[in-house]
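What follows is a single structure, written as C-alpha cells, with notes after it.
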There are 2 protein chains.
Amino acid sequence: MKLSKKERQLTLHQTITDNPFVTDDDLAKRFGVSVQTIRLDRMELSIPELRERIKSVAEQTFEDEVRSLPIDEVIGEVIDIELDKSGISIFDVKEEHVFQRNQITRGHHLFAQANSLAVALINDELALTARANLLFSKPVQMGDRVVAKAKVSHRDMHRTTVEVMSYVDKTLVFKGEFEMYRSTSQLGEEN
Amino acid sequence: MKLSKKERQLTLHQTITDNPFVTDDDLAKRFGVSVQTIRLDRMELSIPELRERIKSVAEQTFEDEVRSLPIDEVIGEVIDIELDKSGISIFDVKEEHVFQRNQITRGHHLFAQANSLAVALINDELALTARANLLFSKPVQMGDRVVAKAKVSHRDMHRTTVEVMSYVDKTLVFKGEFEMYRSTSQLGEEN
DNA sequence: ACTCCTATTAGTACCTAGTGCTAGTAGCGG
DNA sequence: CCGCTACTAGCACTAGGTACTAATAGGAGT
C-alpha cells in the first residue's frame with residue numbers, strides 16, 4: 001500500500017538524514033513514485049541535492065582543521081584544540097549512557113570522552129594510552145553536559161602526560177591523568 | 001616563474017590534500033596551466049576527481065558517527081561471577097573497537113569491559129566507580145579475545161576495591177584497580 | 001635538417017545527478 | 001463540469017568531471 005504525501009515526506013526526511021548518500025532515483029524506486037515527485041518533496045522540505053548533502057557532511061569534518069588525528073574518532077564533540085597543548089570537548093549525557101536503575105552516567109563514558117580527547121591532543125601518528133589515574137568525584141546525571149578540559153602537563157621522549165578535568169556546570173565531576181605513548185619524539189615546531 | 005612538471009605535481013598533491021574541495025579549474029588557474037594538464041597530473045598521481053574526494057571525506061565521518069553510537073550496554077560477556085568476590089568476562093575486539101589507522105583497540109573499550117565487570121561484582125543497588133588506576137601494558141589488536149579477571153581485594157564500610165587483569169592469550173594487556181563506592185554496607189548474605 | 005619524445009593544449013562526445021521550467025493527467029470535492 | 005491537489009513527463013541546461021583523439025612546441029640525438 002502506498003503512503004500519503006505527508007507520510008512519504010516524513011519517511012523521506014528520515015531516510016535522507018540517516019543516509020545522506022541516497023540519490024533521487026533510489027528514493028523514487030524505494031517509494032514507488034517518480035523522480036519528479038521526490039524532487040518536489042525535497043523542495044518542500046528544503047532538503048538539498050545529493051552533492052550538496054555530501055559536501056556539507058565532508059565540510060563538517062574538514063572545517064576543524066585538525067589533520068593529525070581524525071577528530072571523528074573522538075567521543076564527545078571537540079570545540080577547541082591546540083595540538084600538544086590543550087583541548088576542550090563537550091559530551092551530552094543521554095539515555096543510552098546511564099544506568100537505568102539510577103540514571104547515573106556509566107564511568108566508561110566519562111573515561112572515553114577524556115581519553116579520546118587526550119589521544120586527539122597528541123600530534124602523532126601513533127598515540128596510545130599507557131597508564132591512567134582516574135577520579136570520579138561526583139555522579140553525572142542524565143541530561144548533563146560534560147565539559148572536558150585537557151592540558152598537556154609533561155613531555156619527554158616518548159611520553160606525554162595529559163591532565164583532563166571534566167565539569168558539569170563548573171562542578172568537577174571527573175579528573176584523569178593520562179600517560180600517553182607516542183612513536184616519534186618530535187619536540188620542535190610542527191608543520 | 002613556472003614550475004617544472006615534477007614540482008607542479010608535488011605541489012598539486014599537497015594542495016589537494018590540504019584542500020580536497022578544489023576543482024581542476026581552480027588548480028589550472030593557480031598553476032597557470034590548462035585544465036587538461038591538471039587532469040593528466042591527477043591521473044599520474046592517481047588522485048580522484050573532486051566529487052569522489054568529497055564523498056570519501058564524507059564517508060569517513062559518517063561511518064565513524066554511526067560507529068561511535070554502539071558503546072552501549074553490555075561490554076563484554078560475563079561468563080562467571082561470584083558476587084563480592086570475583087568474576088570473568090570476555091570481549092572480542094572487532095572493527096568498530098579499533099583505530100582505523102593502526103588497528104589497535106581504543107583504550108576506553110578495555111576500560112569499559114573492566115569497569116563494567118567491577119560494577120557487576122558489587123552486590124548493591126548503587127555501585128559507582130570512585131577512583132581508578134589503569135595500566136595498558138600491551139596494545140590489543142583487532143580480532144583478539146580479551147579475558148578480564150576481576151577480584152575483590154579489599155572492603156570496608158562503603159568502599160570496595162576491585163582488581164581487574166585482562167589477558168589476550170595469557171599475556172597481560174591491561175590492569176586496573178577500581179575503587180568502588182556502594183550505598184549500603186551489607187556484609188552479610190542477601191538475595 | 002630531420003626525427004623522436006615529452007609536455008602541453010584543444011576539442012569532442014559522454015556521464016551523473018541534479019535545477020528550472022512547461023505541460024499534461026488522474027482523482028476527488030463542491 | 002470546474003477547480004484543486006498530487007503526481008508524472010519531457011526538455012534545456014549545469015558543474016565537474018571521464019575517455020579519447022589530435023595538434024603543437026621545444027629539445028635531444030644522430
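The values are calculated or read from the model by the stated rules, or taken from the named source; none is laboratory data. Just so we're clear, the structure is a prediction, and the values are computed from it rather than from any experiment. Using ideal geometry, Cβ is built from the backbone for each residue, glycine included, and neighbour counts are taken over all protein chains shown. Each accessible area value is taken on the protein alone, full model and side chains, heavy atoms only, with ligands, DNA and RNA left out. Shrake-Rupley method; radii C 1.70, N 1.55, O 1.52, S 1.80 Å.
Can you find a residue that is of a type in the set (Asp, Glu) and open to solvent by 80 Å² or more (accessible area, probe 1.4 Å) anywhere in the range B:32-48? Yes; the residues of the range B:32-48 include at least one that is of a type in the set (Asp, Glu) and open to solvent by 80 Å² or more (accessible area, probe 1.4 Å).
Let's see how each residue does on (1) facing chain B (nearest Cβ under 8 Å); (2) under 17 Å from A:ASP124 (Cα atoms); (3) within 16 Å of DNA strand D (Cβ to nearest atom); (4) at pLDDT below 85:
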residue	(1), (2), (3), (4)
A:LEU50	no, no, yes, no
A:ILE71	no, yes, no, yes
A:GLY76	no, no, no, yes
A:ILE81	no, yes, no, yes
A:LYS85	no, yes, no, no
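Among the residues of the range B:49-61, the one identified as open to solvent by 40 Å² or more (accessible area, probe 1.4 Å) and in contact with a helix residue (DSSP H, G or I) (Cβ under 6 Å, 6 or more places away or on another chain) is B:LYS55.
Table: residues versus (1) more than 24 Å from A:LEU135 (Cα to Cα); (2) outside any strand (DSSP E or B); (3) facing chain A (nearest Cβ under 9 Å).
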site	(1), (2), (3)
B:PHE91	yes, no, no
B:GLU96	yes, yes, no
B:HIS108	no, yes, yes
B:LEU128	no, no, yes
B:VAL152	no, no, no
B:VAL162	no, no, no
B:PHE174	no, no, no
B:PHE178	no, no, yes
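Pick from the range A:3-27 the residues that are within 12 Å of DNA strand D (Cβ to nearest atom) and surrounded by 17 or more Cβ atoms within 10 Å (Cβ to Cβ): which of them is farthest from A:VAL78 (Cα to Cα)? Residue satisfying both the conditions and the ranking: A:ARG8. Quick check on the range A:105-127. Is at least one of its residues in contact with a strand residue (DSSP E or B) (Cβ under 7 Å, 6 or more places away or on another chain), modelled with pLDDT under 90, surrounded by fewer than 20 Cβ atoms within 10 Å (Cβ to Cβ) and at negative phi? There is at least one residue in the range A:105-127 that is in contact with a strand residue (DSSP E or B) (Cβ under 7 Å, 6 or more places away or on another chain), modelled with pLDDT under 90, surrounded by fewer than 20 Cβ atoms within 10 Å (Cβ to Cβ) and at negative phi. Which residue pairs have Cβ atoms under 9 Å apart, sit 6 or more places apart or on different chains, and have a first residue in the range A:131-142 that is more than 8 Å from chain B (Cβ to nearest Cβ) and crowded, with 18+ Cβ neighbours inside 10 Å and a second that is aromatic (Phe, Trp, Tyr) and assigned to a loop (DSSP other than H, G, I, E, B)? Once the first residue is more than 8 Å from chain B (Cβ to nearest Cβ) and crowded, with 18+ Cβ neighbours inside 10 Å and sits in the range A:131-142, no partner that is aromatic (Phe, Trp, Tyr) and assigned to a loop (DSSP other than H, G, I, E, B) comes close enough.
Table: residues versus (1) more than 23 Å from A:ILE79 (Cα to Cα); (2) modelled with pLDDT under 90.
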{"residue": "A:LEU135", "(1), (2)": "yes, no"}
{"residue": "A:VAL146", "(1), (2)": "no, no"}
{"residue": "A:LYS151", "(1), (2)": "no, no"}
{"residue": "A:GLU177", "(1), (2)": "no, no"}
{"residue": "A:ASN191", "(1), (2)": "no, yes"}
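Only a single item in (1) at positive phi; (2) surrounded by 18 or more Cβ atoms within 10 Å (Cβ to Cβ) is not met by A:LYS170, and it is number (2).
Listed by first and then second residue, the pairs with beta-carbon distance under 8 Å, at least 6 apart or on different chains, first residue in the range A:17-30 and polar (S, T, N, Q), second crowded, with 16+ Cβ neighbours inside 10 Å, are A:THR23/A:LEU50. Just to verify a result, which residue in the range A:1-14, among those that are within 13 Å of DNA strand C (Cβ to nearest atom) and touching a helix residue (DSSP H, G or I) at 6+ places or on another chain (Cβ under 9 Å), is nearest to the other protein chains (Cβ to nearest Cβ)? Ranking the qualifying residues of the range A:1-14, first place goes to A:LEU12.
When the residues of the range B:28-48 are filtered to those that are hydrophobic (A, V, I, L, M, F, W, C) and more than 11 Å from DNA strand C (Cβ to nearest atom), which remaining residue is farthest from the other protein chains (Cβ to nearest Cβ)?
So the first thing to find is which residues in the range B:28-48 are hydrophobic (A, V, I, L, M, F, W, C), and the list is B:28, B:31, B:33, B:35, B:38, B:40, B:43, B:45, B:47.
Add one more test, that the residue is more than 11 Å from DNA strand C (Cβ to nearest atom), and what stays is B:45, B:47.
On the way: B:LEU45: 19, B:ILE47: 16 Å.
Per the criteria, the residue is B:LEU45.
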